[in-house]
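What follows is one structure encoded as structure tokens, with my remarks underneath.
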Amino acid sequence: MSVYRLLGSLIGVFLSQSLLANILYYGSEREPVRLTYGVSTIIRFDEEVKTISQAAQFIIGPANPEDPDYRVLTVSSRSDGATSDVTFILANDVVVNVKLITVPSGLPGKTSTFYDLKPKSLKVDPIAKMGEGSDISEIELMKAMIRSDKVIGYNVQAVSQDVRTGIDGVSARLVQVYSGPKFHGYVFKVTNESKSKDYALDVKSLTLGRPNVAILTQADDNILRHAPGKPTVTLLRIVSKPTAVYYSVILPLAPIVEK
């Protein structure tokens, strides 16, 4: 096994442990990211990074050069004390402004080796006491999501985040998030904008993350028929373990071929 392959395997294991990450929520303000001089720091974005500016004082590249994923980058400082306002432009044209600050290695607790950057629209503020909602089952949560009910101990937040489908003419957007101590719930709006093709959505084959942490899935309609001049829409709901991240969903969509 090559050094890069081993590094990639270790990074994959590390990234799967979401609770180890220091989560930063980006928006219009510049977020401080503190790095330890002489140590590589991993920064994970919710979309791939396409351009980086003002980063001359730092070395930035994909965490696994052998199989590059530009959502996951390593950052290291070229000099002790380096500081710079760095701008990352993501594949969806969202601008993420951070202030990279190099901290001496003798200041433990001031830095993290793994930062997870997420949009502020997904930030969940604690509204319930510890333990509330822990007795809700995955089926009860799914029923509440279908009925658009409130759930004790869960924060329900309307969002608007595009998700890649990999299919031209079919789009998906995360529109609602249920966040609780035991499960997370996601509601996606899946739209068929094709003028000539019908698509089938196989919810049984849906995956969320690696390993798959989706527990229950449900769709209002598993067949998305084309309708010239009028896109067809279905709501897809997922109940998952709380370590899930919405953008790692893989939607099993396939065109319907008439025989």
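The values are calculated or read from the model by the stated rules, or taken from the named source; none is laboratory data. Just so you know, these numbers come straight off a predicted model, no measurement behind them. Cβ sites come from the backbone with ideal geometry, for glycine too, and all protein chains shown count toward neighbours.
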- prompt: Taking the range 217-259 as the search range and keeping residues that are basic (Lys, Arg) and in a loop (DSSP other than H, G, I, E, B), which one is nearest to the chain's Cα centre (by Cα)?
  reply: Lys241
field: Candidates Gln176, Gln218, Gln161 - the one that is under 20 Å from Glu140 (Cβ atoms), buried (at least 17 other Cβ atoms within 10 Å of the Cβ), in the same structural domain as Gly229 (by TED's automatic domain parsing) and not acidic (Asp, Glu)
entry: Gln176
- prompt: What pairs can you find where one residue is in the range 71-92 and in the same structural domain as Thr113 (by TED's automatic domain parsing) and more than 21 Å from Ser28 (Cβ to Cβ), the other is among the β-branched types (Val, Ile, Thr) and loosely packed, with under 15 Cβ neighbours inside 10 Å, and their Cβ atoms are less than 6 Å apart, with a gap of 6+ or different chains?
  reply: Ser76/Ile59
task: Filter the range 122-150 down to residues that are at pLDDT 85 or above and either in a strand (DSSP E or B) or of a type in the set (Val, Ile, Thr) (or both), then give me how many there are.
output: 2
Failed condition for Ile167, given (1) of a type in the set (Val, Ile, Thr); (2) modelled with pLDDT of 90 or more; (3) not in a strand (DSSP E or B): (2)
- request: Output the residue which, of all residues in the range 179-189 that are touching a helix residue (DSSP H, G or I) at 6+ places or on another chain (Cβ under 7 Å), of a type outside the set (A, V, I, L, M) and in a strand (DSSP E or B), is surrounded by the fewest Cβ atoms within 10 Å (Cβ to Cβ).
  value: Gly185
- request: Considering only the range 50-64, state which residues are in a loop (DSSP other than H, G, I, E, B) and loosely packed, with under 12 Cβ neighbours inside 10 Å.
  value: Ala56
Residue check for Leu208: in contact (Cβ under 8 Å) with a residue 24 or more places away in the chain and buried (at least 21 other Cβ atoms within 10 Å of the Cβ): yes
statement: Counted residues in the range 221-245 being modelled with pLDDT of 80 or more and over 21 Å from Leu141 (Cα atoms) come to 8
task: Could you look through the range 190-205, keep only residues that are buried (at least 20 other Cβ atoms within 10 Å of the Cβ) and not in a loop (DSSP other than H, G, I, E, B), and pick out the one that is farthest from the chain's Cα centre (by Cα)?
output: Tyr199
